[in-house]
1. With respect to the numbered conditions (1) surrounded by fewer than 24 Cβ atoms within 10 Å (Cβ to Cβ); (2) in contact with an Asp or Glu (Cβ under 9 Å, 6 or more places away or on another chain); (3) at pLDDT 55 or above, which one is the sole condition not fulfilled by Asp260?
2. For the range 99-115, enumerate the residues that are touching a Phe, Trp or Tyr at 6+ places or on another chain (Cβ under 8 Å) and in a loop (DSSP other than H, G, I, E, B).
3. Go through the residues of the range 206-218 one by one and say whether even a single one is in a loop (DSSP other than H, G, I, E, B) and at pLDDT below 90.
4. Looking at the range 91-116 only, could you name the residues that are free of Cβ contacts under 8 Å to residues at least 60 places away in the same chain and within 14 Å of Gly48 (Cβ to Cβ)?
5. Mind counting the residues in the range 67-90 that are part of a helix (DSSP H, G or I) and either hydroxyl-bearing (Ser, Thr, Tyr) or modelled with pLDDT of 80 or more (or both)?
6. Can you confirm whether the range 189-196 contains a residue that is modelled with pLDDT of 90 or more, under 26 Å from Gly294 (Cβ atoms) and crowded, with 19+ Cβ neighbours inside 10 Å?
Amino acid sequence: MNETRRSLIKGMLTGGTLLAFGIPTVTQAVSLSQTFSGSTRNCQLLLGNTPLDEAFAKGAQTACTHYSSYRQGTLPTFKLEDELLTNPLRIVDLLMQSSNMRWIAIMDHGSAAIFTEMVRNFEGRLLSLGSHSSSSGTDASFPMRHMWTTATPVYSAGRLLASLLTQSQHDFFIVENFLGQAVVDSAMKDSSLAGFSSYRLTEQPATHLHCAGVSPLEASQLIGWRASEDWKSVLSQRDESSIDLDQAATGTTIEHLRFDNWIEATGYAVVATALGIGANQDSCSSRAFVYRSGHRYPDNHGLSGKHFVSFVIDV
């Protein structure tokens, strides 16, 4: 089985976990400004004892540093080590003490499945669940792949991550599926990411595709979407009131942020979204970003062939 197909299957499996939880009630009939409550919650970073914890945590703490209104300044961190499998009662105690807590986590796929089931038993709200991977070898069509299932577009980190990853000039795709529609403030409008062309399906206007260096037809085939030539450009809908995600909500330009690798960039995007940075979102049910630079680079600091799960949970 090739890497792209394996990634798509993992994305569908992790999506099933969110479906089991149901759409979190916190996301229903709530405006964008009301829903972004991360900065007023007790947020903590949960590291699941993966080889990528350090890089993800570095990006996560960078997000806190650049979000000046986050009152804690740094993100408190809890390390699971091997306790999830060897001492599940400690995890139960942790959850019992996590009232009004927003957990932002990184785990391997197996640990994530166990932990989210525990959270489900505590009636926690799983806001987003992402499967992230990179492939090794020069023949890989997309070295970086991100598959998200998210409660609503409000909790989406895809657009922000796409803005960060284009700077590395590595090819990637990001696919997001939303279980519910957010009530988008009237001031929020679609804005095309710099360098991307934006499209909607004529027969399914809630399906959005953003492409760079690849046609919409080829992009939809590469990510496993039904091939269609009925993509309608939405570039004309962009105007001066749109918010460009080359600039974060704090006024710090994204292009001034440099990350050592894609794991750090992913950590930044996940935490930034959980805290309320970069709130410009499309109102859609599915969205994808497909980027092909035309360049070929060697292994990214030894982080090819890596994969992990990220999620944001309110307890």
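The values are calculated or read from the model by the stated rules, or taken from the named source; none is laboratory data. The structure presented is a predicted model; accordingly, all values stated were derived computationally and were not measured. Methodologically, a virtual Cβ is constructed for each residue, glycine included, from the backbone with ideal geometry; neighbour enumeration extends over all protein chains shown.
1. Result: Asp260 passes all but (2).
2. Asp108
3. Taking every residue of the range 206-218 in turn, at least one turns out to be in a loop (DSSP other than H, G, I, E, B) and at pLDDT below 90.
4. Ile91, Leu94, Gly110, Ile114
5. Summing the residues that are part of a helix (DSSP H, G or I) and either hydroxyl-bearing (Ser, Thr, Tyr) or modelled with pLDDT of 80 or more (or both) in the range 67-90 gives 1.
6. Here is the first cut: in the range 189-196, the residues modelled with pLDDT of 90 or more are 196.
Narrowing further to those that are under 26 Å from Gly294 (Cβ atoms): 196.
When the remaining residues are screened for being crowded, with 19+ Cβ neighbours inside 10 Å, the result is 196.
The answer is yes, given that some residue of the range 189-196 is modelled with pLDDT of 90 or more, under 26 Å from Gly294 (Cβ atoms) and crowded, with 19+ Cβ neighbours inside 10 Å.
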